[in-house]
Amino acid sequence: METVWDRSEQQEPRCGFGEMGICCRMCHMGPCRIDPFGQGAKLGVCGANAELIVARNFCRMVAGGAAAHSDHGRSVARTLLLAAKNPESGYAVKDGNKLAKVAGILGIDPGNKTKEEIAAAVAEKALSEFGRQEGELSFIKQAPEARQALWRGLNIVPRGIDREIVEMMHRTTMGVDQEHKNLMLHASRTALADGWGGSMIATELQDVLFGTPSPVRGQVNLGVLSETDVNVVVHGHEPVLSEMLVLAARDPDMLKLAESQGASGINLAGICCTANEVLLRHGLPIAGNILQQELAVATGAVDAMVVDVQCIMPSLPSASKCFHTHLITTSPKGKIEGARHYDIEAENALHSAREIVREAILNFPNRGNTEIPQEKMDLVAGFSHEAIHYMLGGRFRGSYAPLNDNIINGRIKGVAGVVGCCNPKVPYDREHVDLVGELIANDILVVQTGCSAISCAKAGFLVPDTAHKVAGKGLTEVCEAVGMPPVLHSGSCVDNSRILVALSEMVKAGGLGSDISDLPVAGAAPEWMSEKAISIGHYFVSSGVFTVFGVGLPVSGSETFARHIFEEFEAILGGKWAVEPDAGKMAGLIIDHINGKREKLGIGKARERVLFDMEMRRNLAV
Ligand code: SF4
Ligand code: MSK
């Protein structure tokens with residue numbers, strides 16, 4: 001059986017033009033490529049130069065990522081509408097408080113409306129945000145006033161989610177927007193339509209439907225697969241189906257059927273962001289992150305792998321054929337040649353979820369030899385911004401003020417969001433673990449989402465005990481007082497929008513400046529691979545956050561473009577990009593940036609940097 005690492009090796013040496021972002025396929029006069037060393041072509045056939053080609057490629061990645069997150073948000077909004085209108089659907093409003101809050105943001109007057117009527121109005125308003133042509137997205141109001149004013153001054157407040165994505169595609173087609181700086185401003189508008197639009201709608205409405213996460217225990221790594229239970233592994237991004245699979249797997253009739261096939265129960269585990277969603281809301285185990293999808297199949301113990309959309313490797317059918325695993329696709333948007341397909345829409349999700357679980361159970365007796373690794377690790381996850389609010393201040397005075405106080409008094413130096421994918425170009429999980437280890441050793445509180453959170457969970461960073469083993473003295477004191485780990489798992493990729501809200505709350509709590517760009521915070525995606533990561537990176541930068549990516553960025557083919565996003569952008573939007581493949585140096589950049597912000601705020605007493613060494617890593621029970 002081939003894995004992602006074998007295929008990655010077969011791609012070496014990779015195309016240098018692609019890696020540097022200077023290959024253009026926007027029209028059929030090309031494909032064109034620019035010689036980065038100045039000996040060959042300096043222009044494409046149409047006359048496009050390096051910065052234009054790099055900019056258009058970068059902007060199209062933003063559009064692709066924003067489209068993926070936002071289409072996810074749209075399907076959640078449709079599901080909420082169904083829940084409101086059809087009580088038989090299996091979906092219902094689980095968090096009335098969140099519903100009321102979101103209704104307020106969307107300007108819906110609850111009046112004498114029932115919960116269902118409010119939910120329907122919220123869903124309809126959320127759906128209208130996608131096709132809106134003018135005005136401003138409603139969730140923008142959550143940002144600090146100064147940030148909103150800056151966006152308005154630059155005319156980049158997103159009007160409608162779909163509109164900005166379409167316009168990005170239009171501007172980057174052959175012969176339209178030919179100024180890289182102008183393109184990047186619209187890339188900001190598009191990315192903001194993702195972070196403060198599509199992703200935020202997905203997160204907030206998922207909380208309404210399935211509950212707002214609060215701290216919950218769980219387990220992670222391939223060792224969570226069971227030798228004796230039917231293993232159903234959910235993989236992808238949208239919890240609309242997996243929530244129904246949770247119900248189906250707990251159905252007493254299904255449990256009886258499993259027993260009749262010789263199994264002792266049904267074990268529902270997850271891969272990637274669907275895993276994060278079901279962990280956060282149900283404490284269900286995570287089998288692994290993106291690079292473990294084939295490895296889960298290779299245990300021979302997965303009776304069904306059920307996938308929906310995003311980050312699902314087209315190699316899965318051939319991997320599954322080596323074992324008894326049934327690969328099941330469920331979204332009409334995401335079919336895979338060689339997989340079984342159940343066309344699942346919200347309307348029939350519960351019924352289909354039962355059918356899928358039944359199929360997995362009936363496949364259990366077909367298992368051959370299994371080889372399940374023993375490794376698994378405990379973790380605590382579920383740190384939504386509401387949970388952090390409550391944890392720090394308690395039910396009656398929930399607030400971000402205690403966090404700000406601890407930043408001001410220097411126990412916590414700052415906050416870093418470390419997120420994103422895993423990439424087979426670098427040693428698996430290592431960049432995440434080394435970066436996060438060094439940040440917490442230097443008293444920087446880390447907030448995580450996506451596959452990065454799963455990497456660090458496997459390393460043992462997501463249990464409160466880690467604090468005194470690895471974290472700096474100040475951060476340890478805070479973690480012990482509150483009972484939290486030094487690394488907070490906030491959810492899936494769309495839940496990066498939780499971090500935007502948390503940053504805004506920090507500004508509102510006071511004492512750390514008037515805008516997100518004043519805060520001693522930074523973002524990082526050390527092993528990114530997806531277009532979605534580029535959209536996330538750019539909405540953080542455009543929201544005022546210094547953001548560092550590892551593994552390289554496809555922009556090095558144009559010094560002019562690189563200078564624009566690495567240097568000039570800060571003067572425009574208060575945040576900027578950086579790229580640094582080495583985790584230790586990346587930590588250094590983040591620490592220096594945070595120290596710089598502390599100095600500006602007048603709270604910076606420089607402390608010596610602590611290096612996260614082998615000894616500290618050995619102290620972890622990995
Ligand atoms: Fe070449 Fe210009 Fe066409 Fe791109 S748009 S492929 S640079 S001719
Ligand atoms: S799943 S986008 S590999 S984080 Fe969200 Fe992981 Fe990146 Fe997919």
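The values are calculated or read from the model by the stated rules, or taken from the named source; none is laboratory data. Because the structure is predicted, anything quoted here is derived from the model rather than measured. Virtual Cβ from ideal backbone geometry, glycine too; neighbours counted across all protein chains shown. Accessible surface areas use protein heavy atoms only, side chains included; no ligands, DNA or RNA. Shrake-Rupley method; radii C 1.70, N 1.55, O 1.52, S 1.80 Å.
A few points about this structure:
- Every pair of residues 6+ apart whose Cβ atoms lie under 6 Å, when the first sits in segment 234-250 and is among the basic types (Lys, Arg) while the second is open to solvent by 10 Å² or more (accessible area, probe 1.4 Å) and away from ligand 1 (no atom under 16 Å from the Cβ): none
- For segment 256-307, filtering for residues that are in a helix (DSSP H, G or I), within 15 Å of Leu225 (Cβ to Cβ), more than 15 Å from ligand 2 (Cβ to nearest atom) and open to solvent by 10 Å² or more (accessible area, probe 1.4 Å) leaves 1.
- Number of the exception - Cys479 against (1) within 21 Å of Cys422 (Cβ to Cβ); (2) of a type outside the set (Gly, Ala, Ser); (3) open to solvent by less than 10 Å² (accessible area, probe 1.4 Å): (1)
- Every condition in (1) away from ligand 1 (no atom under 14 Å from the Cβ); (2) crowded, with 24+ Cβ neighbours inside 10 Å; (3) farther than 16 Å from Thr172 by Cα is met by Ala66 except one, and the failing one is (3).
- Lone unmet requirement of (1) within 12 Å of ligand 1 (Cβ to nearest atom); (2) open to solvent by 50 Å² or more (accessible area, probe 1.4 Å); (3) in a helix (DSSP H, G or I) for Asn97: (1)
- Number of positions in segment 154-189 that are in a helix (DSSP H, G or I), among the polar types (S, T, N, Q) and surrounded by 16 or more Cβ atoms within 10 Å (Cβ to Cβ): 1
- Test: Ile336 is touching a residue at least 24 places away in the same chain (Cβ under 8 Å), under 21 Å from Val309 (Cβ atoms) and open to solvent by less than 60 Å² (accessible area, probe 1.4 Å): yes
- Among the residues of segment 22-39, at least one is within 16 Å of ligand 1 (Cβ to nearest atom), touching an Asp or Glu at 6+ places or on another chain (Cβ under 9 Å) and at pLDDT 95 or above.
- For segment 426-450, taking the residues that are open to solvent by 10 Å² or more (accessible area, probe 1.4 Å) and more than 24 Å from Asn406 (Cβ to Cβ), the one that is nearest to ligand 1 (Cβ to nearest atom) is identified as Val426.
- Here Pro464, Pro486 are screened, and the one residue that is away from ligand 1 (no atom under 16 Å from the Cβ), in contact (Cβ under 8 Å) with a residue 40 or more places away in the chain, surrounded by fewer than 24 Cβ atoms within 10 Å (Cβ to Cβ) and over 13 Å from the mean Cα position of the chain (by Cα) is Pro464.
- Residue in segment 17-26 that is open to solvent by 60 Å² or more (accessible area, probe 1.4 Å) and within 24 Å of His170 (Cβ to Cβ) present: yes
- Failed item, numbered, when Trp151 is tested on (1) closer than 20 Å to Val62 by Cα; (2) open to solvent by 10 Å² or more (accessible area, probe 1.4 Å); (3) part of a helix (DSSP H, G or I): (2)
- Some residue of segment 19-37 being part of a helix (DSSP H, G or I) and under 27 Å from the mean Cα position of the chain (by Cα): yes
- Looking only at residues in segment 494-537 that are among the charged types (D, E, K, R) and more than 16 Å from ligand 2 (Cβ to nearest atom), the one that is most open to solvent (accessible area, probe 1.4 Å) is Lys508.
- Selection of segment 351-378 for residues being open to solvent by 40 Å² or more (accessible area, probe 1.4 Å) and either farther than 29 Å from Gly262 by Cβ or assigned to a helix (DSSP H, G or I) (or both) yields His351, Arg354, Glu355, Arg358, Leu362, Pro365, Asn366, Asp378.
- Test: Asn423 is more than 21 Å from Ile516 (Cβ to Cβ) and open to solvent by 10 Å² or more (accessible area, probe 1.4 Å): yes
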